[in-house]
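Only one structure is covered here, and it is reproduced in the block below.
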Amino acid sequence: MSQTRRPAPLLPPEAGRDLPLLAVCAILVFLACLAVIGAAGTWRASDAWTGQLASEITLQIIPGADGDGEAAAQEAGQLASGLPGVISVEIRSRAASEALLRPWLGRASLPDDFPLPRLVTLNVDPDDPPLAAAIETLFDDAAYRVIVDDNQLWAAALARASITVRWFAIGLALLVCGAAAAVIAFAARASLSMRRDVADALHLVGAPDRFITGLFQERFFMLGLKAGIAGALLALLAAFTLAELGGTAGAIFFLPSLLPGWGAILILPAAAFLSGLVAALSARLAITTALAARWA
Amino acid sequence: MDQTQPEPHRDPDAGPAVRFDNVGMRYGRGPEVLSDISFELARGSFQFLTGPSGAGKTSLLRLIYLAERPSRGLISLFGSDTSALARDDLPVLRRRIGVVFQDFRLLTHLSVFDNVALPLRVAGQRVSQYREDIVELLNWVGLGERIDALPPTLSGGEQQRAAIARAVVSRPEILIADEPTGNVDPEMARRLLRLFAELNRLGTTVLIASHDIALIRSMKVPVLELAGGRLTTRTRAA
């Protein structure tokens, strides 16, 4: 007999029977991870948009019938730069205005005499921006018309939409976790029924419930861990693929990018651990309840 | 029914190992399979339990090793009323009882060694603590060469001996055996009985359910006889 004998696992290996369960759990983890990645993308995009909107004010300069757009833009920029709260001024060229219209009008050049509004961007102090009314007053006597785009209105709506999407994604992830827990609990009960001989034998040689529960808990923790790794890897792969090959990154500018940053790699250990934890806890609960019901 | 007298105690200060007072038992809503059972097993005693098939022997044993609860009456183990025990107290009590099941109940995925080690493992012992004891015990019951075999590859007699080894390995205070020699040849049956007798000599209370009249007579110990779920006679074998 070997002197290095190790005790055999008390629960028999059930790799073949565990495989479908592993696949279901991995798919659930995959969906939960995608929801989290989507929420994180929305979060990042929303932060970027709101930050940009809060620190910029755009002026549309509409020259008079015979006015010089370029001169009007230069003058407006100079006047605006003297306002308190304005950090710097950026005068956009006619070509920049045409580029903004290109998605709607195509690549054809506009006629030179087309009264295209010119844009002037004011980079402002986000904590103390100038009021829109104060800017408009500045141009009351100007020979051209000025429209002030108050981005704060956009920012508030955007923040509200972003919060809604985040909570929706978190709710979705929690729902998927709940589904995974229910599946594991069902599987744990089935596993106990299948290995009733083991549970009976252990009880009769004096094993307390927590000993038997521990065996099943350990098994399902490992299953959850494997499913978590597989599901998270697939989700990261899917997110990268989706973002790089015709996904949302840059293709449609107002949708959040699914392209996860390097920080997203943390989702792998987090998903594996959480998946193992959920599996172990739901198996523990199911087995404890089942044992209490079956043995007086 | 014969109201049996308890065996004299070896330790006068301790209660009997097992005491039944007017115990009745039924499965679900079925008829009583045991009725008005009263007896005591003194600590350190050796007794046989016999009776025809269906008399209730196995049910009586199941009550002793806490696999069932009585429908009525009182059962005491080591002086404790089992009906008053909390669920968490049962494992500790069960560890003081070794059981040889009629159907062996070996775990088919564990080797003979691991099956026999089960009570010690559950009690928290390490392999290094029990390895030598188990090898010695398995040699004694004639399974020294089958130590790594899985139960499905063993003959009925070998499985029975493995089940006996598992029941006695932790030197329980009570040993209950349901037909422990039913699948072995007479020579091995005598050898196993010597093992039970040796355990009894060391203080274990032994109760063996058996049909084997020759075996019972060979031991010259008290016999409890069940018929129709009632304890009918209690005799000292001649």
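The values are calculated or read from the model by the stated rules, or taken from the named source; none is laboratory data. Since the structure is predicted, the reported quantities are computational estimates derived from the model, not experimental observations. FYI the Cβ positions are ideal-geometry reconstructions off the backbone, even for glycines, and counts take in every protein chain you see. Remember, those area values only see protein heavy atoms, side chains included, never the ligands or the DNA or RNA. Shrake-Rupley method; radii C 1.70, N 1.55, O 1.52, S 1.80 Å.
Expressed as a whole percentage, what fraction of the accessible surface of the range B:112-238 belongs to carbon and sulfur atoms when a 1.4 Å probe is rolled over the protein heavy atoms?
Numbers: 2610 of 5450 Å².
Of all accessible area on the range B:112-238, carbon and sulfur atoms account for 48 percent.
Which of the trypsin sites (Lys or Arg not before Pro) found in the range B:79-165 are loop residues per DSSP with 10 or fewer other Cβ atoms within 10 Å of their Cβ? All intermediate terms of the calculation are to be shown ahead of the outcome.
On the way: sites: B:87, B:94, B:95, B:96, B:105, B:121, B:126, B:131, B:146, B:161; in loops: B:95, B:96, B:105, B:126.
Here the trypsin sites (Lys or Arg not before Pro) that fit, given the DSSP loop and packing criteria, are B:126.
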Which residues qualify? For residue B:26, with a placed amide H closer than 5 Å and at least 5 residues away or on another chain, they are B:33, B:71
Tilt relative to chain B, helix B:186-201 - C-alpha long axis, 0 to 90 degrees, to 10 = 70
Given just the C-alpha atoms of chain B, how large is their convex hull per residue in cubic angstrom?
-> 133
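Rolling a 1.4 Å sphere over the protein heavy atoms, what is the accessible area per residue of chain A, to the nearest Å²? Please list the in-between numbers first.
Working: 16490 Å² over 296 residues.
Per-residue value: 56 Å².
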Rounded to two decimals, the Debye log10 I(q)/I(0) of the range A:122-195 (Cα scatterers, no solvent) at q = 0.16, 0.17, 0.18, 0.27 Å⁻¹ is -0.79, -0.83, -0.86, -1.16
Treat the protein assembly as shown as a sphere of radius equal to its Kirkwood radius over Cα pairs and apply Stokes-Einstein at 4 °C in a medium of 1.567 mPa s; give the translational diffusion coefficient in µm²/s, rounded to a whole number.
-> 43
For the range A:128-162 and the range A:13-69, distance of Cα centres in Å | 27
When you look at the Cβ of every residue in B:105-115, what mean number of other chain Cβ atoms sits within 10 Å?
-> 5
Label points 7 Å out from Cα along the Cβ direction at residue A:102 and residue A:160: separation in nm?
-> 3.4
Which part of the range B:112-148 falls in the paramagnetic zone of residue B:155, meaning amide N under 14 Å from the point 7 Å along Cα-to-beta-carbon?
-> B:142-146
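For the range B:112-238, report the accessible area per residue in Å² (1.4 Å probe, heavy atoms, rounded to an integer).
Numbers: 5450 Å² over 127 residues.
I get 43 Å² per residue for this part.
Using a 10 Å cut-off on Cβ to Cβ distances, tally the other chain neighbours for every residue of B:71-84 and report the average as a whole number. Working shown, then result.
Values: counts 0, 0, 0, 0, 0, 0, 0, 0, 0, 0, 0, 0, 0, 0.
Counting Cβ atoms of other protein chains within 10 Å of each residue's Cβ and averaging gives 0.
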Buried accessible area for the B:A pair, summed, 1.4 Å probe, in Å² rounded to 100?
-> 2400
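In square nanometres, what is the average projected area of the Cα convex hull of chain A? If you can, show how the numbers build up before the last one.
On the way: hull surface 96.7 nm².
Computed as one quarter of the Cα hull surface, the answer is 24.2 nm².
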Assuming 1.306 mPa s and 10 °C, estimate D for the range A:56-125 with Stokes-Einstein, Rh taken as the Kirkwood radius over Cα pairs, in µm²/s.
-> 124
What is the distance, in nm, between label points placed 7 Å from the Cα along the Cα-to-Cβ direction at residue A:186 and at residue A:71?
-> 7.8
Separation of the range B:56-109 and the range B:202-233 by C-alpha centroid, Å?
-> 18
Assigning unit charges at the beta carbon (Lys, Arg +1; Asp, Glu -1) and nothing else, what dipole magnitude in debye, to the nearest 20, does chain A show about its Cα centre?
-> 2780
Whole-percent pair-distance distribution, where bins are 5 Å wide, for the alpha carbons of the range B:44-144 = 2, 9, 17, 19, 18, 16, 12, 6, 2
